[in-house]
1. For segment 203-220, which positions are open to solvent by less than 50 Å² (accessible area, probe 1.4 Å), in contact (Cβ under 8 Å) with a residue 24 or more places away in the chain and over 14 Å from residue 184 (Cβ atoms)?
2. For segment 95-202, give me every one of the strands (runs of 3 or more DSSP E) that falls completely inside it and has 3 or more residues that are free of Cβ contacts under 8 Å to residues at least 60 places away in the same chain and open to solvent by less than 30 Å² (accessible area, probe 1.4 Å).
3. Taking only segment 198-215 into account, find how many residues are touching a Leu at 6+ places or on another chain (Cβ under 9 Å) and of a type outside the set (Phe, Trp, Tyr).
4. In segment 250-292, which residue that is free of Cβ contacts under 8 Å to residues at least 60 places away in the same chain and of a type in the set (Ser, Thr, Tyr) is most open to solvent (accessible area, probe 1.4 Å)?
5. Kindly list, by first and then second residue, each pair from a residue in segment 8-30 that is in contact (Cβ under 8 Å) with a residue 60 or more places away in the chain to a residue that is of a type in the set (A, V, I, L, M), limited to pairs with Cβ atoms under 7 Å and residues at least 6 apart or on different chains.
6. Select, from 14, 34, 47, 38, the only residue that is more than 28 Å from the chain's Cα centre (by Cα) and not small (Gly, Ala, Ser).
7. So residue 273 fits all but one of (1) aromatic (Phe, Trp, Tyr); (2) over 19 Å from residue 127 (Cα atoms); (3) within 19 Å of the chain's Cα centre (by Cα); what number is the exception?
8. Take segment 269-296 and flag every residue that is part of a loop (DSSP other than H, G, I, E, B) and at pLDDT below 85.
Amino acid sequence: MQIDLNLIPIFRMVAEEKSFTSAADRLGMGRSAVSQAVRRLEDLLGVMLFIRTTRSVSLTEAGEAVLQRVAAPLSEAMGELDLLRTAVRPAGTLRLSVSSIAEAFLAGPMLVEFARDHPEVTLDITVTDIDDELSDWAYDAGVRLRESIAPGMVALPVSGPQREVVVATPAYLARAGMPEHPRDLAQHSCIGWRVRPDIAPHRWEFEEDGRAFSVAVSPYITTNDLHLMIRTALCDGGITFAPYESLRSHIESGALVPMLESYLPPFSGFYLFYPQRENMPAKLRAFVDYVKGWQKDLMRGS
């Protein structure tokens with residue numbers, strides 16, 4: 001493999017600065033030239049070296065490996081890079097950032113089957129509802145509701161349409177009454193959710209006559225744990241608001257009663273998203289291909 005040795009110091013400067021613009025300033029080059037040089041090196045190696053977003057630049061796992069190798073003596077580094085270029089087998093740690101309400105994705109079978117079929121890939125999954133960019137924590141990909149995914153990301157559906165549900169136990173409703181309109185929720189004991197303490201509780205969103213509106217319910221219990229919300233409601237603690245898939249078993253058993261359903265239409269579901277298609281790491285390509293196959297099986301009803 002022939003590599004233009006001028007590409008190596010450019011790559012190292014971007015890695016050090018964590019910015020194409022800062023690297024260009026230090027090298028006395030245009031930002032576009034620096035970006036093209038890194039892209040050329042990625043094309044030669046067949047791997048993505050940086051996760052690029054509008055806010056930050058960070059090394060991928062392959063980029064970290066390249067950075068370590070180019071610090072070696074030149075002849076040794078060239079041999080190591082050649083080995084990296086030819087290593088196309090899915091391997092390494094695949095880091096995923098997944099929403100806590102992505103019930104079908106987190107249920108287990110999809111992840112277990114992928115791990116069984118790709119024993120050299122280690123899955124590292126962070127369940128979080130904080131919408132950090134993937135590069136903030138060096139994630140390879142994430143799973144979020146479509147509306148939460150930043151523009152420019154590649155997105156692949158991992159679920160069908162979703163629907164929120166308002167629920168409470170029969171005992172609570174017998175005691176407090178059944179709300180007839182979402183505005184009636186202000187008179188009830190509500191159990192709410194927020195992503196973290198410095199953010200206001202999530203507003204409950206509804207639709208009436210084709211127009212969306214939200215209700216600030218002033219919950220008397222607020223948490224970032226979906227399962228605590230559900231457990232509190234099951235203890236006759238009040239009314240809560242969550243995705244249907246998370247409540248399905250309790251609704252089907254009669255433990256929780258849905259209400260206000262005509263005000264809660266379905267919405268776009270969850271998507272696997274990642275920065276770009278070019279020079280995708282083999283471990284991520286394998287996972288993307290696996291998810292596509294999984295979705296086809298679901299559509300066939302298998």
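The values are calculated or read from the model by the stated rules, or taken from the named source; none is laboratory data. This is a predicted model, so every value here is computed, not measured. We place every Cβ from the backbone using ideal geometry, glycine too, and count neighbours over all the protein chains shown. Remember, those area values only see protein heavy atoms, side chains included, never the ligands or the DNA or RNA. Shrake-Rupley method; radii C 1.70, N 1.55, O 1.52, S 1.80 Å.
1. If the condition is that a residue be open to solvent by less than 50 Å² (accessible area, probe 1.4 Å), in contact (Cβ under 8 Å) with a residue 24 or more places away in the chain and over 14 Å from residue 184 (Cβ atoms), then 219 is the only one that fits.
2. 190-193
3. 3
4. Filtering first and then ranking leaves 262.
5. Listed by first residue and then by second, the contacts come to 8/70.
6. Only one candidate qualifies: 34.
7. Residue 273 satisfies all of (1) aromatic (Phe, Trp, Tyr); (2) over 19 Å from residue 127 (Cα atoms); (3) within 19 Å of the chain's Cα centre (by Cα) except (2).
8. 275, 276, 277, 278, 279, 280, 281 - these are the residues of segment 269-296 that are part of a loop (DSSP other than H, G, I, E, B) and at pLDDT below 85.
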